[in-house]
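Novice: Below: one structure in structure tokens.
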Amino acid sequence: MSLTVFITGATSGIGEATSRLFAKNKINLILCGRKAEKLANLKEELSKVTNVFTLQFDVRDQKEVQKAIDGLPQEFKEIDILINNAGNAHGLSAIQDGSIEDWDAMIDGNVKGLLYVSKAIIPQMVARKSGFIINIGSIAAKEVYPNGNVYCASKYAVDALNKGMRIDLNKHNIRVSAIHPGAVETAFSDVRFKGDTNKAKKVYQGYKALQAEDIADIIYFVVTRPYHVNIEDLVVYPTAQATATIVNKDEN
């Protein structure tokens with residue numbers, strides 16, 4: 001039986017790496033993101049090995065999300081796996097100096113966006129009594145660190161929603177899992193530091209950070225376990241990282 005996976009934030013980082021790996025394993029893809037050109041390029045590339053459909057929308061816009069998912073063609077309507085990957089971090093300020101615009105972006109994307117997409121897809125899983133939801137969290141869901149305040153709060157919310165989904169959907173035979181990565185070398189820090197590439201590069205200097213492909217491998221492993229197995233909560237660090245703020249860096 002052919003499976004279909006729905007991936008948000010598919011145009012970069014973990015989402016893109018996961019799209020490539022799932023395509024390699026002949027899983028049908030629904031790739032979602034805001035970058036039309038990148039979506040088109042991914043579709044052209046990955047369509048050579050599997051069936052691909054793309055949706056351009058912002059997860060923060062509930063009406064746009066619902067319209068896009070409602071408009072899926074018949075052959076893509078049955079979604080077996082939902083990967084809630086879209087998210088963002090904006091700024092790294094003490095709470096008293098934080099930007100309300102940044103706060104809104106993180107809460108709207110990381111929390112409300114996850115809810116909007118899930119709300120549009122979960123009913124079909126309930127009706128079939130099968131499905132798998134993977135929520136991509138962060139070590140910020142487990143540990144609050146200096147100046148991480150609202151970002152950490154948004155990821156703590158993802159952790160709580162993951163638990164809530166698992167409880168509520170248990171009677172419907174739906175698997176729910178969260179994966180919480182530590183430092184992953186992606187465009188994450190470029191966004192957090194608003195394009196300040198020098199600051200972003202320093203985050204990953206002096207040690208080997210996780211790569212997007214590492215997390216993609218883990219996601220694939222989790223979803224391909226026998227159906228009676230649910231790896232429900234997984235924290236992943238690079239070897240050099242002990243906590244959100246303790247990283248063994250080579251100072252040379």
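Novice: Between Arg128 and Ile95, what is the FRET efficiency for a Förster distance of 45 Å, r being their Cβ-Cβ separation, to the nearest 0.05?
Specialist: With a Förster radius of 45 Å, E is 0.55.
Novice: Under the Kirkwood approximation applied to all pairs of distinct alpha-carbon atoms, what is the hydrodynamic radius of region 1-107 in Å?
Specialist: It works out to 14.8 Å.
Novice: Shifting gears a bit: Amide H to amide H, which residues 5 or more places from Ala86 or on other chains are under 5 Å from it, using H placed in the peptide plane?
Specialist: Thr8, Gly9
Novice: Sticking with this one: Any chance you could run the full-extension gain for Asn230 through Glu251? It's 0.36 nm times the residue separation minus the Cα-Cα distance, nm to one decimal.
Specialist: 3.5 nm
Novice: Can you work out ³J(HN,Hα) from phi for every residue in region 51-59, in order, using Karplus 6.51 cos²θ - 1.76 cosθ + 1.60 and θ = phi - 60°, giving whole Hz and x for Gly and Pro?
Specialist: Here the 3J(HN,Hα) series is 7, 10, 10, 10, 10, 9, 7, 9, 4 Hz.
Novice: OK, next. If we sort 133-145, 156-168, 38-50 on the protection proxy, mean other Cβ atoms within 10 Å, highest first, what's the order?
Specialist: Output ranking for 133-145, 156-168, 38-50: 133-145, 156-168, 38-50.
Novice: Once both axes come from the Cα atoms, what is the angle between helix 36-46 and the longest principal axis of the chain, in degrees from 0 to 90, rounded to 10?
Specialist: That works out to roughly 60 degrees.
Novice: With respect to the cross-link table entries Lys63/Lys129; Lys112/Lys155; Lys112/Lys194; Lys43/Lys129; Lys77/Lys112; Lys43/Lys155, which display a Cα-Cα separation exceeding 18 Å?
Specialist: Lys63/Lys129; Lys112/Lys194; Lys43/Lys129; Lys77/Lys112; Lys43/Lys155
Novice: Quick one: which residues, 5+ away or cross-chain, put their amide H under 5 Å from the amide H of His180? H built at 1.01 Å from N.
Specialist: Correct list: Gly137, Leu234, Val235, Val236.
Novice: Can you put Asp250, Asp217, Asp233 in order of Cβ neighbours within 10 angstrom, beginning with the fewest?
Specialist: With the fewest neighbours first, Asp250, Asp217, Asp233 line up as Asp250, Asp217, Asp233.
Novice: Angle, helix 13-24 long axis vs. longest principal axis of the chain, Cα atoms, 0 to 90°, nearest 10?
Specialist: Between the helix axis and the principal axis of the chain, the angle is about 30 degrees.
Any read-out appearing in this document is the output of simple, stated calculations on the displayed coordinates, not a laboratory observation. Remember, it's a predicted structure, so these values are computed and weren't measured experimentally. FYI the Cβ positions are ideal-geometry reconstructions off the backbone, even for glycines, and counts take in every protein chain you see.
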